[in-house]
Amino acid sequence: MKSLFSAVLASALAISLHAQALAAGDPGTGYTPDQLDSLVAPIALYPDPLVALVLPASTVPSDVALAAQFLSAGGSPSAIDSQPWDPSVRGLAHYPEVLKWMNDNADWTSSLGAAFAMQPADVMKSVQQMRAKARAAGTLADTPQQQVDMQGDDIRIDRKSVV
């Protein structure tokens, strides 16, 4: 059910962003694989649950800015879940360093959001390609903090429980 909702949400965002690009005079040819690789490089090796927050949150950069402002003003972490932001931004607000970085790099955040909204499958393919390169280079491996698993052709990165 959640994946269906996510797919519908991504499609609606894609249509909206594509319409905005057309209205601005951009034919909306999309991002090239090299451009997508550059966009996803900062997050490709994040654990899957964090990537699952960053990508949809990047489609609402105004909420990212509001959440970053809330946290920098000393907003209570216990009040995050009651904020009116997109659910992905509320989830991301529990990772204040990532949220701050996204806010400080607003152009990147907006570009990643546009790419994810217009080309979600290509963005995910790029994440997997970046992970495969890192794994082949030996820089993506299990650590005390994370576990790297192959599931078919997909490389999954999960956080390990710290006891």
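Do you know which residues across the range 42-62 are part of a loop (DSSP other than H, G, I, E, B) and not hydrophobic (A, V, I, L, M, F, W, C)? Walk me through how you get there before you give the answer.
Pass one, the range 42-62, residues part of a loop (DSSP other than H, G, I, E, B): 42-47, 58-60.
42, 46, 47, 58, 59 - these are the residues of the range 42-62 that are part of a loop (DSSP other than H, G, I, E, B) and not hydrophobic (A, V, I, L, M, F, W, C).
Go through 117, 106, 79 for me and flag whichever is touching a Ser or Thr at 6+ places or on another chain (Cβ under 9 Å), at pLDDT 95 or above and open to solvent by less than 60 Å² (accessible area, probe 1.4 Å).
On the way: 106 fails: touching a Ser or Thr at 6+ places or on another chain (Cβ under 9 Å); 79 fails: touching a Ser or Thr at 6+ places or on another chain (Cβ under 9 Å).
Step by step, each of 117, 106, 79 is checked, and only 117 is touching a Ser or Thr at 6+ places or on another chain (Cβ under 9 Å), at pLDDT 95 or above and open to solvent by less than 60 Å² (accessible area, probe 1.4 Å).
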Checked the range 133-145 for anything among the small types (Gly, Ala, Ser), surrounded by fewer than 16 Cβ atoms within 10 Å (Cβ to Cβ) and at negative phi; matches are 136, 137, 141
Heads up, the helices (runs of 4 or more DSSP H) in the range 73-161 (entirely inside) with at least 3 residues that are within 18 Å of residue 38 (Cβ to Cβ) and not basic (Lys, Arg) are 96-104, 106-118, 120-136
Output for Cβ contacts, cut-off 6 Å, separation at least six or different chains, first residue in contact (Cβ under 8 Å) with a residue 24 or more places away in the chain in the range 139-163, second of a type in the set (D, E, K, R) and open to solvent by 80 Å² or more (accessible area, probe 1.4 Å), reads 146/159
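The values are calculated or read from the model by the stated rules, or taken from the named source; none is laboratory data. Nothing here was measured: the structure is a model prediction, and the numbers come from that model. Using ideal geometry, Cβ is built from the backbone for each residue, glycine included, and neighbour counts are taken over all protein chains shown. The accessibility values were calculated without ligands, DNA or RNA, using every heavy atom of the protein model including side chains. Shrake-Rupley method; radii C 1.70, N 1.55, O 1.52, S 1.80 Å.
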